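Since the structure comes first, as structure tokens, the remarks are kept for the end.
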Amino acid sequence: MSTPNFHAAASGAALNTDEIPEVMTQGGDWADILNEIEKISSERIVVNMGPVHPSTHGVLRLILELDGETVRETRVDTGYLHTGIEKTMEYRTFTQGTTLCTRMDYVAPLFQEAAYCLAVEKLLGITDDIPERASLIRVMMMELSRIASHLVAIGSTGNEMGATTIMTIAFRGREEILRIFERITGLRMNHAYIRPGGVVQDIGEGTIDYIRELLPKCRHDIGELEDLTRANPIFKKRLCDVAVMPLSALMALGTTGPGVRAAGLPMDLRKSQPYCGYETFDFDIPVADQSDVYNRTMVRFDECYQSLRIIYQALERLEKCEGAPVMVADPMIAWPAQLSVASDGQGNSLEHIREVMGSSMESLIHHFKLVTEGFTVPAGQVYQTVEHAKGILGVHLVSDGGTRPFRAHFRDPSFANLQALAMMTEGGQLADVVVSLAAIDPVLGGVDR
């Protein structure tokens, strides 16, 4: 090939284009670069989310395998908050078990207390002997707890997206419920208020009026949250069609609660397998047409309103049976003292102390033995379920005829619902993982019991 005459072109003379050579860039360096780019693009990155501080919503480790921003695999690693509650219950009396199980799902503690006590009562064979007033109080306390739990779920979902206002309003509404709990039980959380045979004490004088004073404030906060979210285009664009789960998959994975009802299945044990007299209350089961993050949140809103319906019905009935007993009459089971909730804390009533310490040695002995040794429970095993705020809560109790459970095991809804997280998130975006988790609303105290 002849060399082109560049000097001619530079001097202004005509350049013969036939003399311009064809040049092709090639070589080993370019091939290596292309191979490296292909190799990098096919690599997946493993990211650890959590554990986080227990004071947030518990500690949960998510191992995410990412392809860019797309989640290819999600592995859920629990056990970082393990407390050994179930094993510890084997070394405590049946009554003391209430103090332990209430600390599992600490956002909705009264459900664990109710389910556990219903199981103990079934073992004792006294289910039909529970006073009506005690059952009414249990229903009221569980529905208040349901609203409090749902407000935490809704507020946490908003906070995870950066909408701190949603969380502050939700916790403001929850605070009204915690004030009611403190007035009735002496504690804001971890109450140990529901006991085998009934409840530890009746609601105090003026409590019904107090509840009716605070509930409108809570309802206002729920309504304000709904106004901020239900038709908000930003909220809907962020949550609609995120973490969609078909009903068949939810059922196969053992998911219950708002997630299943958002898929259109009106599954609620308060209707299908009623307990504590729920069959006598008038309420509906909210459902939606698709189980995504948005509809799970909306179902929780609707359930809050249904819980308020139940609470007002319970308050009317409590007014009519004022002064009725709240504990079974059997002195071998009934807690011997009515506790006193006052400004200085919670303790035994002065009347009871005067009796056992001053006038009746037999009462003192009975009190001491029942509190320290507990009551005997016939040998056998039972399984009791209730409709927890997060789904179905099950209690399996085994008695060997002694004063302590031979085995206590809880089917916690948060643990069961977490099984669906991998299917919810795989194939989606990394930014949707936290939102999907918030929509499940797990509490790790119950998961790692």
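The values are calculated or read from the model by the stated rules, or taken from the named source; none is laboratory data. This is a predicted model, so every value here is computed, not measured. Don't worry about glycine lacking a Cβ; one is built from the backbone with ideal geometry, like all the others, and counts go over all protein chains shown. Accessible surface is based on the protein model in full, side chains and every heavy atom, while ligands, DNA and RNA are left aside. Shrake-Rupley method; radii C 1.70, N 1.55, O 1.52, S 1.80 Å.
The table for this structure:
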| quantity | calculated |
| --- | --- |
| Long-range neighbours under 7 Å by Cβ, at least six apart or interchain, first residue under 23 Å from D330 (Cβ atoms) within segment 348-368, second among the hydroxyl-bearing types (S, T, Y) and assigned to a helix (DSSP H, G or I) | E355/S363; V356/S363 |
| Residue that is over 16 Å from the mean Cα position of the chain (by Cα) and among the polar types (S, T, N, Q), where the choices are S135, S145 | S135 |
| Qualifying residue in segment 130-147 (condition: in a loop (DSSP other than H, G, I, E, B) and modelled with pLDDT of 90 or more) | yes |
| Residue within segment 233-240 that is under 18 Å from Q306 (Cα atoms) and either among the polar types (S, T, N, Q) or out of contact with any Asp or Glu (no Cβ under 7 Å at 6 or more places or on another chain) (or both) present | no |
| Residue tally, condition among the aliphatic types (A, V, I, L, M) and either more than 19 Å from the chain's Cα centre (by Cα) or modelled with pLDDT under 90 (or both), over segment 170-193 | 5 |
| Meets criteria (over 17 Å from the mean Cα position of the chain (by Cα), open to solvent by less than 50 Å² (accessible area, probe 1.4 Å) and among the hydrophobic types (A, V, I, L, M, F, W, C)) for L64 | yes |
| Extreme residue, most open to solvent (accessible area, probe 1.4 Å), among residues of segment 130-182 that are free of Cβ contacts under 8 Å to residues at least 12 places away in the same chain and among the acidic types (D, E) | E182 |
| Among (1) assigned to a strand (DSSP E or B); (2) closer than 26 Å to T376 by Cα - the single one L64 does not satisfy | (2) |
| Restricting segment 93-106 to residues that are surrounded by 24 or more Cβ atoms within 10 Å (Cβ to Cβ) and over 21 Å from T403 (Cβ atoms), the residue that is nearest to the chain's Cα centre (by Cα) | D105 |
| Residue in segment 75-92 that is most open to solvent (accessible area, probe 1.4 Å), counting only those that are modelled with pLDDT under 90 and not in a loop (DSSP other than H, G, I, E, B) | R75 |
| Enumerated helices (runs of 4 or more DSSP H) restricted to segment 270-377, each holding at least 2 residues that are touching a Lys or Arg at 6+ places or on another chain (Cβ under 6 Å), open to solvent by less than 20 Å² (accessible area, probe 1.4 Å) and at pLDDT 90 or above | 293-320 |
| Matching residues in segment 382-407 - criterion: being over 30 Å from E303 (Cα atoms) and touching a residue at least 60 places away in the same chain (Cβ under 8 Å) | S399, T403, R404, P405, F406, R407 |
| Exclusive hit being open to solvent by less than 10 Å² (accessible area, probe 1.4 Å), closer than 23 Å to G446 by Cα and in contact with a helix residue (DSSP H, G or I) (Cβ under 9 Å, 6 or more places away or on another chain), set T207, T229, T185 | T185 |
| Per-region count, segment 242-263, residues surrounded by fewer than 14 Cβ atoms within 10 Å (Cβ to Cβ) and part of a loop (DSSP other than H, G, I, E, B) | 1 |
| Members of segment 188-204 found to be open to solvent by 30 Å² or more (accessible area, probe 1.4 Å), of a type outside the set (D, E, K, R) and on the phi < 0 side of the Ramachandran plot, listed by number | M189, G204 |
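Yes/no matrix, rows are residues, columns are (1) closer than 20 Å to V152 by Cβ; (2) without any contact (Cβ under 8 Å) to a residue 24 or more places away in the chain:
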residue	(1), (2)
D227	yes, yes
R238	yes, no
A243	yes, no
P246	no, no
A249	no, no
G259	yes, no
T297	yes, no
Y305	yes, no
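Matching residues to (1) under 16 Å from V386 (Cα atoms); (2) polar (S, T, N, Q); (3) modelled with pLDDT of 95 or more; (4) touching a helix residue (DSSP H, G or I) at 6+ places or on another chain (Cβ under 7 Å):
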{"residue": "E113", "(1), (2), (3), (4)": "yes, no, no, yes"}
{"residue": "L124", "(1), (2), (3), (4)": "no, no, no, no"}
{"residue": "T127", "(1), (2), (3), (4)": "yes, yes, no, yes"}
{"residue": "T157", "(1), (2), (3), (4)": "no, yes, no, yes"}
{"residue": "M161", "(1), (2), (3), (4)": "no, no, no, yes"}
{"residue": "T168", "(1), (2), (3), (4)": "no, yes, no, no"}
